[in-house]
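Read-outs throughout are calculated quantities, based only on the coordinates presented, and are distinct from any laboratory measurement. Worth saying up front: this structure is predicted, and the values here are computed from it rather than measured. With ideal geometry, Cβ positions are generated from the backbone for all residues, glycine too; neighbour counts draw on all protein chains shown.
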Amino acid sequence: MRICPARPQDLAKLLAFREEAATWLSHLGTDQWQRPYPADKLLATIEAGTVFMVRDGATTVATITLTPVAEEGLWTEEELREPSLYINKLTVARTHAGRNLGGRLLDWAGDRAHQAGIKWLRLDAWTTNTALQDYYLRRGFEHVRTVRQGVAVNGGPRVSGWLAQRATRPAAHGFTDETLTPKCDSGPF
């Protein structure tokens, strides 16, 4: 499997990917991701070079957004001064669930951040999705705090304010990393 940057032509694929995840999450009884994600915001992150896709042959099987910019209102000014990368929208296709792709993507992100001299890998998770929070804790993240006040980037109420971080470190993630040479072909979803 290889990891590469998403391209603008991947927008529809990534929106469908998120919709698949939202349907699965709904079946689990959580309201996470039930509001459609704005296509223009996703396209902006793709164009910024912060969205990455894992491909198994021609099939997209996972995605992660890794950005140096934190969502406003979550982290303190002191925390924002610490070198950090922020994880968003980590998603694994249901066809590839149970293969530790999420854990490997977290390791890839931590390794990438470590190589860049960055101290922290940070995330904000859905405040009511305790299974997701436990997942991150099992992968070495430490809960910092939960922020419930404020408005999210999309203008809705704050729903993703469970903050966690782990120190970056070298890691063997097992992906062929094509993120520095964007040559991944967009195959079928």
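See the values below:
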read-out: Net lengthening on full extension, Glu72/Arg148 (0.36 nm per residue, minus Cα-Cα); value: 26.1 nm
read-out: Separation of the Thr130 and Leu80 label points, Cα + 7 Å toward Cβ, nm; value: 3.2 nm
read-out: Two-decimal log10 I(q)/I(0) for the stretch 2-120, as the Debye equation yields it once each C-alpha is a single scatterer, q = 0.14 Å⁻¹; value: -0.64
read-out: Length added when fully stretched, Asp56-Ala171, from 0.36 nm per residue minus Cα-Cα; value: 39.4 nm
read-out: Cut-off 9 Å between beta-carbons: net charge of the residues surrounding Phe141, Lys and Arg +1, Asp and Glu -1; value: +3
read-out: Inter-label distance for Ala39 and Leu137, nm, one decimal - labels placed 7 Å from Cα along Cα-to-Cβ; value: 4.0 nm
read-out: Calculated FRET value between Glu178 and Leu15, using beta carbons and R₀ = 25 Å, to 0.05; value: 0.65
